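For reference, the structure is listed below as structure tokens.
The values are calculated or read from the model by the stated rules, or taken from the named source; none is laboratory data. The shown structure was predicted, so the numbers you read here are calculated from the model rather than taken from an experiment. Cβ coordinates were reconstructed from backbone atoms using ideal geometry, including for glycine residues, and neighbour counts include every protein chain displayed.
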Amino acid sequence: MTLNGVKVIAVTGGKGGVGKTSTAINTAVALAEKGKRVLVLDADLGLANVDVMLGLRADRNLSHVINGECGLDDILLEGPSGIQIIPATSGYQSMVELSAKQHVGLIRAFSEMRSECDVLIVDTAAGISDMVLSFARASQDVMVVVCDEPTSITDAYALIKLLSRDYGVFRFRVVANMVRSLREGQELFAKLSRVTDRFLDVAIEQVATIPFDDNLRQSIRKQSVVVTAYPNSPAAIAYQGLASKILSWPVPQQPTGHLEFFVERLITKPHASRSATQEVS
Ligand SMILES: Nc1ncnc2c1ncn2[C@@H]1O[C@H](COP(=O)(O)OP(=O)(O)OP(=O)(O)O)[C@@H](O)[C@H]1O
């Protein structure tokens, strides 16, 4: 397997229900439609898991791989436009807690995986657990999904604060979701950047504005994705634009391959001593 140049993107947001899974899957499919080989790591322990949303059945998940019961290729599910999904629902609180043997198993599983990919998209869970923060830290790019709900901006701010303070992540790509107009998207971003500019030393950039679009809900009902079910809908067009933008982001140049690098970062404790669960006010 050639691991060079795999782009790893975490989709996160702090708050539940802001559209992380929708964004992860639709971005993945839009990238696949542009000819990229895409893997989605479903690290969301919530109800709307990637496999459920796409009507796929996962009998085994990453925990079986971690425990040496099977390889990564054995658990991969195939989604729309040939995207592949790693069901990661594992019940673990943190990858750092795994035993040394399990760490070795995980690294080996990724290095032995036969499926090749250009982009790995990690759909993280809601909240700011160690697991969410570790996945974000291990990724090359962090996309923060926000929407116009009272706690979305404060939760996104808390997430960005913890990641920059304790996990060494300083660049964030913001996706404004479920907006009624482009202007509303810009205002959402402005709200977030006002507080990050004032209190944190981070770079945040708005990379997409996804309109509120009933076609997206319809597509989920059909266990499909809006990008393929309604390719000309406003949300689909916005996701296609996001995918084009992602393709212009720099590709990592790790000599040993980025997925191994990703897994190693995933299982290593961050240097900061403060706990991620400390108050973030
Ligand atoms: N742009 C949009 N337009 C209309 N509805 C949307 C849009 N984005 C997401 N939704 C709807 O919002 C709900 C939550 O979306 P989704 O499951 O993707 O969020 P999530 O952040 O992954 O949630 P959780 O944190 O619970 O995993 C879904 O019913 C989805 O259909």
Quiz item: Out of all the residues in segment 149-157, is one or more at pLDDT 95 or above, more than 15 Å from the ligand (Cβ to nearest atom) and within 20 Å of Gly17 (Cβ to Cβ)?
Solution: yes
Exercise. Considering each of Pro150, Pro211 in turn, give the residue that is surrounded by fewer than 23 Cβ atoms within 10 Å (Cβ to Cβ) and more than 21 Å from Ile246 (Cα to Cα).
Key: Pro150
Exercise. Name the single residue, out of those in segment 206-224 being of a type in the set (Val, Ile, Thr) and modelled with pLDDT of 95 or more, that is nearest to the ligand (Cβ to nearest atom).
Key: Ile210
Quiz item: Arg194: modelled with pLDDT of 95 or more, of a type outside the set (S, T, N, Q) and within 16 Å of the ligand (Cβ to nearest atom), yes or no?
Solution: no
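Here is a yes/no grid of residues against (1) part of a helix (DSSP H, G or I); (2) over 19 Å from Ile9 (Cβ atoms); (3) in contact with a helix residue (DSSP H, G or I) (Cβ under 8 Å, 6 or more places away or on another chain):
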{"residue": "Ile153", "(1), (2), (3)": "yes, yes, yes"}
{"residue": "Leu159", "(1), (2), (3)": "yes, no, yes"}
{"residue": "Leu163", "(1), (2), (3)": "yes, no, yes"}
{"residue": "Ala176", "(1), (2), (3)": "no, no, yes"}
{"residue": "Phe189", "(1), (2), (3)": "yes, no, no"}
{"residue": "Arg194", "(1), (2), (3)": "yes, yes, no"}
{"residue": "Asp197", "(1), (2), (3)": "yes, yes, no"}
{"residue": "Ser219", "(1), (2), (3)": "yes, yes, yes"}
{"residue": "Asn232", "(1), (2), (3)": "no, yes, no"}
Quiz item: Looking at segment 13-42, which of its residues are more than 23 Å from Gln218 (Cα to Cα), buried (at least 22 other Cβ atoms within 10 Å of the Cβ) and modelled with pLDDT of 95 or more?
Solution: Val38
Exercise. Hey, can you tell me all the residues within segment 185-212 that are more than 17 Å from Gly168 (Cα to Cα), more than 19 Å from the chain's Cα centre (by Cα) and among the aliphatic types (A, V, I, L, M)?
Key: Leu188, Ala190, Leu192, Val195
Exercise. Considering each residue of segment 106-125, count those that are outside any strand (DSSP E or B) and either of a type outside the set (A, V, I, L, M) or in contact with a Lys or Arg (Cβ under 6 Å, 6 or more places away or on another chain) (or both), and give that number.
Key: 9
Quiz item: Given the residues Leu76, Leu54, Leu45, which is the only one that is out of contact with any Ser or Thr (no Cβ under 7 Å at 6 or more places or on another chain) and either modelled with pLDDT under 90 or more than 16 Å from the ligand (Cβ to nearest atom) (or both)?
Solution: Leu54
Quiz prompt | Test set (1) part of a loop (DSSP other than H, G, I, E, B); (2) farther than 13 Å from Val119 by Cα; (3) in contact with an Asp or Glu (Cβ under 9 Å, 6 or more places away or on another chain) - Glu69 fails condition number | solution = (3)
Quiz item: For segment 86-98, does any single residue satisfy the condition of being buried (at least 21 other Cβ atoms within 10 Å of the Cβ), modelled with pLDDT under 85 and of a type in the set (Phe, Trp, Tyr)?
Solution: no
